[in-house]
Amino acid sequence: METISSLGYGNAPAASAGWKYLDAAKDETGRVILSGTLTKSYLPKEKVGKPSAWATFYAILAETER
């Protein structure tokens, strides 16, 4: 969603499904829960099922560019 927002399409009707998915991935404090990783993760401290600092960072960027 960060890329879509930065290109100026964050409010486009077609982007609404992406925003719903992003909102569903957040916990009660607004942090994004990591739902999966690549086979070899480059972020060893990020665990599936736990809040992800990087995913949360990019979600915040996407929302501010919206």
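The values are calculated or read from the model by the stated rules, or taken from the named source; none is laboratory data. These numbers were taken from a predicted model, which means no experiment stands behind them. Note that each Cβ is placed from the backbone with ideal geometry, even for glycine, and that neighbours are counted across all protein chains shown.
The figures follow:
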quantity	calculated
Residue 16 being in contact with a helix residue (DSSP H, G or I) (Cβ under 6 Å, 6 or more places away or on another chain) and in a helix (DSSP H, G or I)	no
Top-ranked residue in the stretch 13-43 [being modelled with pLDDT of 95 or more and among the basic types (Lys, Arg); ranked as nearest to residue 60 (Cα to Cα)]	31
Condition met for residue 30 (touching a residue at least 24 places away in the same chain (Cβ under 8 Å), out of contact with any strand residue (DSSP E or B) (no Cβ under 9 Å at 6 or more places or on another chain) and either assigned to a loop (DSSP other than H, G, I, E, B) or among the small types (Gly, Ala, Ser) (or both))	yes
First in the stretch 44-66 and at negative phi, second anywhere and of a type in the set (D, E, K, R), Cβ under 6 Å, 6 or more apart	51/31; 52/46; 56/31; 58/2; 61/2; 62/2
Subset of the stretch 49-66 (residues that are touching a strand residue (DSSP E or B) at 6+ places or on another chain (Cβ under 7 Å) and part of a helix (DSSP H, G or I))	55, 56, 59
Given (1) modelled with pLDDT under 95; (2) under 16 Å from residue 2 (Cα atoms); (3) surrounded by 13 or more Cβ atoms within 10 Å (Cβ to Cβ), number of the condition residue 64 does not satisfy	(3)
